[in-house]
Amino acid sequence: MRDPRYDILFEPLTIGPVTAKNRFYQVPHCNGGGYRDPSAAAAMRGIKSQGGWGVIFTEQCEMHHTSEITPFIELRLWEDKDIPMLARMADKMKEHGALAGIQLAYSGINGPNLYTKEVPLAVSPGPIRTFTNDPVQARALSKDEIRDLRRWFVNAAKRAKAAGFDLICLYGAHGFGIFQHFLSRATNMRDDEYGGSLENRSRFAREVVADMREAVGDTMGLTMRVSLDETIGDLGFSNAEVREFVEMNKDLPDLWDLAHGTWEECSGPSRFKEEAAQEALVRGIRELSSKPVVGVGRFTSPDVMARMIRQGVLDAIGCARPSIADPFLPKKVEEGRIEDIRECIGCNICITGDMTMSISRCTQNPTFMEEWRKGWHPERMNAKGASSSVLVVGAGPAGLEATRALAERGYDVALAEAGTALGGRVARERLLPGLSAWGRVADYREYQISQKPNVQTYFDSALDAESILEFGFEHVCIATGAKWRRDGVSRQHVVPFSIDPAMPVLTPDDLMDGQRPSGHVVIYDDDHYYMGGVLAELLRQAGNAVTIVTPSAYLSDWTVNTLEQHTIHRRLAQMGVEIVLNRGVVGIGADHVLSNCTYTDRQTPIVCDAVVIVGSKLENNGIYRDLTARKAEWADAGIKSLRIIGDAEAPGPIAWATYAGHRYARELDGEDIGDALPFRREITELAPE
């Protein structure tokens, strides 16, 4: 059934003493669970094994207590007590024939040690480099401590072997790992045999690999993750120097794992990074070494994957985000079901789980990190319940996912859409600058629904309570979305502020409907996610002068969590958008907005021709409220249940909507659990007193 063009993706790959069954390589990625939710993380990796991945890695695993990155929650391998947790993960990874890999990390200049209270140790002294700018400095490792660090890596390798892992990744990329800190002149200012020349800066990597090869190299493959280019100027570890390093140490690891400089550069969202964006940086490195090479680039197309290997750019296709969006991507390629792949949209919501120290989500795959907690499988739904028919009102991301998943369970579903297209907010937002890939949320579900004989879709169907009561459906799901407010209510203001009717005031909905203001436009962004910045870009492209005002200290503040805040600011600044931080809006006059300082309340007018308010949303819940008010009529109408989901219930990111739709479909006709917790969790074991 497999297309022969993709046969090359299923050739085995030798990595030192072990062999991967194919070229699908899930590179290390975080999940917001780490040491707090090990069984959830293990089950998530186990699903990928079932999905056909040849190599599956853990996330970053702190291998010694003298370097940890609290408040972020990753795995830990500090002592033998940590082995059972990791052994469970390795077992799940290998259950269907994948190689199990663990990424060992010593964070050095990135490890503030807020939990262990140890003095941070780094290659050279300096302030700790963290997302939260912790006011802590690291001191330099002495030569004796470098020997200790080598021993700690060996100890961790032995524990990893005891846990059942097949591969070890030594982390030296994204600016986070000690190997990169030794290699880069930006973090290595030593004047001994570990500093200066590239040969000296490579010494630590050579020593650790030699130590580990002696300890576990007969049974475990050793890989090294190296940044392709730090992109920080002359002091940085450049792409040219990376190539020199690989050529100088061509047989050092059993596989080279190559990733772009910072995490933001490597895992940038689709708004700024195309598929295979790192190809130019990788091309030619494979020829410098006899060892295989894996690289990343948010690969979603099997054609691009096969080309990468056929042309000798890569030996394995590294995936993190695509493996989250569809854990069964390899199996679907193997079975000739390309159209069934849930393609990653590059929104980076998955990364926000790690950045906010919470369980991760995926916009495309609502079962991500719920495999153990709720027993959700990405490819299998639970059996149908006692009833048979469901009406879903609204074909946005929540309604589409509910319809798709309900149909999988076997229900007869009617999907009623007031407009003429599926997708709701996704159908509109995909037309904004940089967001075209987000349309995959609708495309995937539209195709899946089209294959279901038990789904009927009705367009131009703006239903009301009366018509719904006449239909006779057993269950009614309201997924009618939300609309942006134009009165300024959001975080700064809990009640509307004064707006002169002479000033044109628009919302994101107005702009997505095609309305275009003229002249100088002020965008008041009290939403702090992507919309304000995207609309600023849209208006600048249309020729408007644009000023964006936000009460936050950062433009598009929350996008720090999606690794794009700095890129958004740079993009808009380069386009000539005036960016005004730490200022809100307290009123709108006929020819100006009145801005106030968030600290002093000092007020300043900004003259303009139009205003766009990006604040909060109002739920489109009128049908739900009307039906609720007529609950006494449900029994006669045959209605057993009424639910409201997604933005219609409480607006949020698109991932919240697809999750709500999936959850509704899973739980329909389920038993009433009362006050019980709706998911499993792990609780820390009390030590003996």
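The values are calculated or read from the model by the stated rules, or taken from the named source; none is laboratory data. This structure is a prediction, so every number in the text was calculated from the model and none was measured. Cβ: placed from backbone, ideal geometry, glycine included. Neighbour counts: every protein chain shown. Surface accessibility is based on the protein's heavy atoms, side chains included, excluding ligands, DNA and RNA. Shrake-Rupley method; radii C 1.70, N 1.55, O 1.52, S 1.80 Å.
Odds and ends about this structure:
- Set Pro292, Pro327: member being farther than 21 Å from Asn365 by Cβ and not β-branched (Val, Ile, Thr): Pro292
- For the range 48-91, the set of residues classified as assigned to a strand (DSSP E or B), open to solvent by 10 Å² or more (accessible area, probe 1.4 Å) and charged (D, E, K, R) consists of Arg76 only.
- When residues of the range 404-438 are limited to those that are open to solvent by less than 10 Å² (accessible area, probe 1.4 Å) and in contact (Cβ under 8 Å) with a residue 60 or more places away in the chain, the one farthest from Leu535 (Cα to Cα): Tyr411
- Residue check, Ala437 out of contact with any helix residue (DSSP H, G or I) (no Cβ under 6 Å at 6 or more places or on another chain) and not basic (Lys, Arg): yes
- Arg440 closer than 25 Å to Gly268 by Cα and not aromatic (Phe, Trp, Tyr): yes
- Yes/no for Arg139 being open to solvent by less than 30 Å² (accessible area, probe 1.4 Å) and without any contact (Cβ under 8 Å) to a residue 24 or more places away in the chain: no
- Checked against the criteria, Arg342 counts as open to solvent by less than 20 Å² (accessible area, probe 1.4 Å), over 23 Å from Thr559 (Cβ atoms) and part of a loop (DSSP other than H, G, I, E, B).
- Residues (acidic (Asp, Glu) and either surrounded by fewer than 19 Cβ atoms within 10 Å (Cβ to Cβ) or assigned to a strand (DSSP E or B) (or both)) located in the range 559-593: Glu578, Asp591
- Tally of residues being assigned to a helix (DSSP H, G or I), touching a residue at least 24 places away in the same chain (Cβ under 8 Å) and not aliphatic (A, V, I, L, M) across the range 1-41: 8
So that you can scan it fast, the table gives a plain yes or no per residue for (1) touching a Gly at 6+ places or on another chain (Cβ under 8 Å); (2) open to solvent by 60 Å² or more (accessible area, probe 1.4 Å); (3) assigned to a loop (DSSP other than H, G, I, E, B):
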| residue | (1), (2), (3) |
| --- | --- |
| Thr116 | no, no, yes |
| Val119 | no, yes, yes |
| Thr130 | no, no, yes |
| Asp144 | no, yes, no |
| Lys161 | no, yes, no |
| Phe165 | yes, no, yes |
| Ile168 | yes, no, no |
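- The range 660-683 residues that are open to solvent by 60 Å² or more (accessible area, probe 1.4 Å), paired with ones that are assigned to a loop (DSSP other than H, G, I, E, B) and not charged (D, E, K, R) (beta carbon under 8 Å, 6 or more apart): Arg663/Pro366; Arg663/Ile645; Asp669/Gly385; Asp669/Ala386; Asp669/Ser387; Arg680/Trp372
- Helices (runs of 4 or more DSSP H) lying entirely in the range 171-279 (those with 2 or more residues that are open to solvent by 40 Å² or more (accessible area, probe 1.4 Å) and without any contact (Cβ under 8 Å) to a residue 12 or more places away in the chain): 203-216
- Residue in the range 306-320 that is open to solvent by 10 Å² or more (accessible area, probe 1.4 Å) and among the polar types (S, T, N, Q) present: yes
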